[in-house]
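One structure coming up, written as structure tokens, with questions to follow.
The values are calculated or read from the model by the stated rules, or taken from the named source; none is laboratory data. All figures in this text were calculated on a predicted structure; none of them were measured in a lab. Ideal geometry is used to build each Cβ from the backbone, glycine not excepted, and the neighbour counts take in all protein chains shown. When the accessible area is computed, the model is the full protein with side chains, heavy atoms only, and any ligands, DNA or RNA have been set aside. Shrake-Rupley method; radii C 1.70, N 1.55, O 1.52, S 1.80 Å.
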Amino acid sequence: SITSNIQDAKMSAQAAVRKTGEEFSEMFALMDDAYMKERAADIKDISERLIRKLCYGRNQSCETAMTEPYVAAAEDLTPSQTVSLNKSLIQAIVTGKGSQFSHSAILARIMGIPAVADVGEGLRDVAEGQTIIVDGKEGIVIVDPDAETLEQYRQKREAFCQYRAELAAYASKAAETKDGRRVEICANAADVSDAEAAKANGAEGIGLFRSEFLYMDRTELPSEEEQFLAYKQIVEAMNPGRVIIRTLDIGADKHTDCLNLPKEENPALGYRAIRICLDQKDMFRTQLRALLRASAYGRLAVMLPMIVSEEEVRQARAMTEEIRAELIAQGIPVAEKIEWGVMIETPASVIMSDRLAELVDFFSIGTNDLIQYTMACDRMNAHIGHLYDAMNPAVLRMIQQTIHNAHKAGIWVGMCGEAAADIRLTPILLKLGLDEFSAAPGSLLKLKKQIMETDISQVILPKELTR
């Protein structure tokens, strides 16, 4: 135990925590139960957080202690750790485990940080102070490169910077295809500070604000006032553009200590997102009150995640109307009209999209989970990453059906998953009628360029979509 390591082995507190954490993590990793195996990473996360507290104190972290540009190398990073990285100093992220489709990798892209995951045990040979090249595009990590390799990558970086400079011309242009179809370009955000990067890259609004990061890396639920101020700031920062705020989407690989969530055999299919909110209504009411209050300060829209039935939408909207009446009775201003949407990220929501479209103002296709659930492919598992493909005919048909049913009901459709930034898909999505693209700020200019170079009338859909 930590105590015996300190008292008997005369270890420092930090060393005792690390040794004990490694022992317990190894114990969990050797268990037969799949769920318990996954908890090994949680043990390591807790150990590292405790070590940071011991090293840097209550109000400081390892990241804030850094004073020079650095590459973060770790066995793995949780979403909360990734979002807390110092954006002004972090140059790249390398992890021994994980995948390019994990929430941590997705957040790195939103932050504009090159990231390479699943490099294996070779990461243990990397020491502080070594020169390292991280090629996020090709998924390559080079430790102690020779002079020739270093020069090659310096030239690549210069060429990339030149390319980014050329793309900057698209920031102020409207996203309109060659044959005159106008679409909306928005950014995904995890923090209020992402608004600046969104606007700099030509975003017209925020297509996905991940409210769960107000709940992570803390032991107490965020108050109504804290949430209200965060929502108000992002809405005001993007005004007059629309800000779509997704209600709490915790669960799966997004953990928080402020909710006593049960252990589950398969958390990706378990107690998460809207299921938690409709079960823990007091917590959900607090978030809805904060959202409604913030709606008075700009164009705020609310989006519900992990929807699988009409009843979930009805319950959430009924709760909102009750809260709206309460706020108005208290003299608290609320917007007259708030757009409501649902994430289309489960096969059930696609199948029921014709009925769901009658209850909301818009859909946003969350391809990250939709691909995972459609292909029965764990997006965190690098061994089956080849199955996780937005171009798979089954996924494309899901997207096609969603857009068709939405337009038939007279509502618009966006896409906020990683596939929205995949320019291989852009012409197909335009041909299918997608109305809005929302992606990491750093992907928007390349996406806008592709849209403006596309003539929809010349796009030929894959044969699987035309039968």
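Would you please put 154-160, 336-342, 346-352, 189-195 in order of how densely packed they are, using the mean number of other Cβ atoms within 10 angstrom per residue and starting with the highest?
Averaged packing, sorted descending, gives the order 189-195, 346-352, 336-342, 154-160.
Sticking with this one: Rounded to whole Å, give me the distance from the Cα center of the stretch 234-305 to that of the stretch 135-165.
Here the two parts' Cα centres lie 39 Å apart.
Which of the aspartates and glutamates could be linked to Lys448 by a straight reach, that is with a Cα gap under 20 Å, when you skip same-chain ones fewer than 8 residues away?
Result set, ordered by chain and number: Glu166, Glu176, Asp179, Glu184, Asp194, Glu196, Glu204, Glu418, Asp422, Asp435, Glu436.
Need the C-alpha centroid separation for the stretch 196-229 versus the stretch 312-377, integer Å.
Comparing the Cα centres of the stretch 196-229 and the stretch 312-377, I get a distance of 18 Å.
Which of Lys44/Lys263; Lys408/Lys446; Lys337/Lys431 have a Cα-Cα distance over 20 Å?
Lys408/Lys446; Lys337/Lys431
Further, regarding this structure: Stokes-Einstein D for the stretch 105-262 at 20 °C, 1.002 mPa s, Kirkwood Rh over Cα pairs, in µm²/s?
Diffusion coefficient, whole number: 113 µm²/s.
Still on this structure, please answer the following. Given a cut-off of under 8 Å on Cα pairs at least six residues apart, what relative contact order in percent is computed for the chain?
13
Per DSSP H run of n ≥ 4, the term is -39500 (n - 2.57); total these for the chain, divide by its residue number, and report the mean residue ellipticity at 222 nm rounded to 500 deg cm²/dmol.
Counting only the DSSP helices, I get -12500 deg cm²/dmol.
What are the ³J(HN,Hα) values, in whole Hz, obtained from phi via the Karplus relation 6.51 cos²θ - 1.76 cosθ + 1.60 with θ = phi - 60°, for each residue of the stretch 179-196 in sequence order, with x given for Gly and Pro?
9, x, 8, 9, 10, 9, 10, 10, 10, 8, 9, 10, 8, 4, 5, 5, 4, 5
Quick check: at a probe of 1.4 Å, how many percent of the accessible area of the chain sits on carbon and sulfur atoms?
Answer for the chain: carbon and sulfur cover 50 percent of the accessible area.
Another one. How do 317-327, 241-251 rank on mean C-beta neighbours within 10 Å, highest first?
Highest mean packing first, the order is 241-251, 317-327.
Rg and Dmax of the chain, Cα atoms, in Å?
That works out to 22.9, 76 Å for Rg and Dmax.
Can I ask one more? How high is the relative contact order of the stretch 351-401? Use alpha-carbon pairs under 8 Å, at least six apart in sequence, and give a whole percent.
28
Continuing with this model, one more query. Given a 1.4 Å probe, how much area per residue of the chain is accessible, in Å²?
I get 47 Å² per residue for this part.
While we're looking at this one, here's another question. Remind me, relative contact order of the stretch 311-385 in percent, using alpha carbon pairs under 8 angstrom and six or more residues apart?
The value is 26 percent.
Give the Cα extents of the stretch 306-349 along the principal axes, in whole Å, largest first.
Sorted largest first, the three principal extents are 42, 16, 11 Å.
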